[in-house]
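**Student:** Sharing a structure with you now.
The values are calculated or read from the model by the stated rules, or taken from the named source; none is laboratory data. Values in this document were obtained by computation on a predicted structure and should not be read as measured data. In this analysis, Cβ positions are derived from the backbone assuming ideal geometry, glycine residues included, and neighbour counts consider all displayed protein chains. Surface areas here come from the heavy atoms of the whole protein model, side chains and all, with no ligands, DNA or RNA. Shrake-Rupley method; radii C 1.70, N 1.55, O 1.52, S 1.80 Å.
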Amino acid sequence: MENDIVTLAAERLVDWRTAALVGRSVAGAGGIISPTERAQLAEDIAEVVPEAERLVEEFTELSPGGQRSRGWVMSREQWLEANLRGFERMIEPFARKLLTGRQEGALATVRRAALGAQLGGLLGYLGHRVLGQYDILVPPDDEGLIYFVGPNIVGVERKFSLPARQFRMWICLHEVAHRLQFGTAPWLRGYLTGLMDSYLNSVELDPGWLVDRLRAALDDLRSGRSEHRGLGWVFLLMTPDQRDMVRRMQALMSLLEGHGTYVMDRVSVDSVPAAGRFRRIMHSRRNRKGLERAFQRAIGFDVKVRQYDLGQRFVSKVVQRAGMAGLNQVWDSAASLPTMEEIARPESWVDRVLAS
């Protein structure tokens, strides 16, 4: 009964059917893959994931935990559906808080459809671009599962005439690195989802509260106290506690993505001869121009890329100074995680964590 109540709250907040319809429309099906190509991709991923896991495990000295990594080659639609389910699970507590005891007015249907369309459109856009994903929101039974979007992988390989097996190994190295981060630090999943839950639970939609926050934001701008630079205008409307939660999430995501990229780059030196070419292609692919560039800025994509670059620099500098064993202390506990300030100044993290 409890799960039914939570699901009902999420469904009352967002029209998931509209989200799926819009997402599928925006994402499209991608390039056509023949049955033979699909079978070859699935076979390659099944073989390459365990090999990538072995290489990353040896390099990082991290552990996958209870279950070994395994890949699922999926369509864009399957990827969209999996992520919509993850979002639904994530916002359920917020939906319950927001809607419990509230009478739904005539605009509820419009609100549900609008939220569904926005979420579906965003995921549909991402569905064009994502190659692989380790999803931390999967149920426990699916622990160790890594998504690979077949049409996107094959599409990039065709467009740039890439050596398929090498490219697939290169992608796997990055996603397996994420898998081992969470396998080594079982507390990490709860920490990250706890931050998400805490932030959502802190959100208030009362008009009076929003007016007060807007006034406070304007005061910050006038006084020069604003911390929003590089973080988006929404940051201005947050309370101090919300800003702290967001910065902690940003620091963690910078670490996770920076570490994944660092590991991929280092391990691929010996295992993926064409890795340098792959890096150049992916760099140009994520730095689009024109209308898509404007859209990326609107959704904060450019901010995310800069943070991930900082994360990679953080990992590289810490390894140079303290070795892989020193870096791996970052996975010991939440207290060992770097702040955004320490991401920008790796030596300060080394002095705080490794000197204690």
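**Student:** Let me confirm something: among 63, 69, which residue is crowded, with 17+ Cβ neighbours inside 10 Å and among the polar types (S, T, N, Q)?
**Tutor:** Checking each option against the conditions leaves just 69.
**Student:** When you go through 85, 96 one by one, which is the residue that is part of a helix (DSSP H, G or I), surrounded by fewer than 16 Cβ atoms within 10 Å (Cβ to Cβ) and among the basic types (Lys, Arg)?
**Tutor:** Going through 85, 96 in turn, the sole match is 85.
**Student:** For region 108-126, which positions are farther than 15 Å from residue 28 by Cα and open to solvent by 50 Å² or more (accessible area, probe 1.4 Å)?
**Tutor:** 109, 110, 111, 112, 115, 118 - these are the residues of region 108-126 that are farther than 15 Å from residue 28 by Cα and open to solvent by 50 Å² or more (accessible area, probe 1.4 Å).
**Student:** Would you pick out the residues in region 309-347 that are of a type in the set (S, T, N, Q), more than 18 Å from residue 247 (Cα to Cα) and open to solvent by 40 Å² or more (accessible area, probe 1.4 Å)?
**Tutor:** The answer is 320, 329.
**Student:** Can we say residue 225 is open to solvent by 20 Å² or more (accessible area, probe 1.4 Å), in a helix (DSSP H, G or I) and either of a type in the set (Lys, Arg) or at pLDDT 95 or above (or both)?
**Tutor:** It is false that residue 225 is open to solvent by 20 Å² or more (accessible area, probe 1.4 Å), in a helix (DSSP H, G or I) and either of a type in the set (Lys, Arg) or at pLDDT 95 or above (or both).
**Student:** Suppose we filter 62, 131 for residues that are farther than 29 Å from residue 155 by Cα, in contact with a helix residue (DSSP H, G or I) (Cβ under 6 Å, 6 or more places away or on another chain) and at pLDDT 90 or above; which single one remains?
**Tutor:** Only one candidate qualifies: 62.
**Student:** Which of the numbered conditions does residue 162 fail, given that it passes all the others? Conditions: (1) open to solvent by 50 Å² or more (accessible area, probe 1.4 Å); (2) modelled with pLDDT of 55 or more.
**Tutor:** The single condition residue 162 does not satisfy is (1).
**Student:** Working only within region 127-159, note down all residues that are in contact (Cβ under 8 Å) with a residue 12 or more places away in the chain, part of a helix (DSSP H, G or I) and surrounded by fewer than 19 Cβ atoms within 10 Å (Cβ to Cβ).
**Tutor:** 128, 129, 155, 158 - these are the residues of region 127-159 that are in contact (Cβ under 8 Å) with a residue 12 or more places away in the chain, part of a helix (DSSP H, G or I) and surrounded by fewer than 19 Cβ atoms within 10 Å (Cβ to Cβ).
**Student:** Which fully enclosed helices (runs of 4 or more DSSP H) of region 293-356 have 2 or more residues being at pLDDT 95 or above and of a type in the set (Lys, Arg)?
**Tutor:** 301-327
**Student:** Evaluate the following for residue 96: is it in contact with a Gly (Cβ under 7 Å, 6 or more places away or on another chain), farther than 22 Å from residue 186 by Cα and either charged (D, E, K, R) or free of Cβ contacts under 8 Å to residues at least 12 places away in the same chain (or both)?
**Tutor:** No; evaluated as a whole, the condition is false for this residue.
**Student:** Ok, one more. Take the residues of region 171-197 that are more than 13 Å from the chain's Cα centre (by Cα) and aliphatic (A, V, I, L, M): which is surrounded by the fewest Cβ atoms within 10 Å (Cβ to Cβ)?
**Tutor:** It comes out as 195.
**Student:** Tell me yes or no: at least one residue of region 206-215 is surrounded by 14 or more Cβ atoms within 10 Å (Cβ to Cβ), over 30 Å from residue 36 (Cα atoms) and modelled with pLDDT of 80 or more.
**Tutor:** No; the residues of region 206-215 include none that is surrounded by 14 or more Cβ atoms within 10 Å (Cβ to Cβ), over 30 Å from residue 36 (Cα atoms) and modelled with pLDDT of 80 or more.
**Student:** So residue 36 clears everything in (1) within 14 Å of residue 153 (Cβ to Cβ); (2) open to solvent by 80 Å² or more (accessible area, probe 1.4 Å); (3) among the β-branched types (Val, Ile, Thr) except one condition, right? Which one?
**Tutor:** Here residue 36 clears every test but (1).
**Student:** I'd like to know if region 23-35 contains one or more residues that are of a type in the set (A, V, I, L, M), assigned to a helix (DSSP H, G or I), farther than 30 Å from residue 316 by Cα and in contact with a helix residue (DSSP H, G or I) (Cβ under 9 Å, 6 or more places away or on another chain).
**Tutor:** Looking through region 23-35, at least one residue is of a type in the set (A, V, I, L, M), assigned to a helix (DSSP H, G or I), farther than 30 Å from residue 316 by Cα and in contact with a helix residue (DSSP H, G or I) (Cβ under 9 Å, 6 or more places away or on another chain).
**Student:** Continuing with the same structure: Within region 45-90, which residues are closer than 30 Å to residue 200 by Cβ and of a type in the set (A, V, I, L, M, F, W, C)?
**Tutor:** 62, 72, 74, 79, 80, 82, 84, 87, 90 - these are the residues of region 45-90 that are closer than 30 Å to residue 200 by Cβ and of a type in the set (A, V, I, L, M, F, W, C).
**Student:** Here is a list of conditions, (1) farther than 26 Å from residue 260 by Cβ; (2) open to solvent by less than 30 Å² (accessible area, probe 1.4 Å); (3) of a type outside the set (Ser, Thr, Tyr); (4) within 23 Å of the chain's Cα centre (by Cα), and residue 52 meets all of them except one; can you say which number that is?
**Tutor:** The single condition residue 52 does not satisfy is (1).
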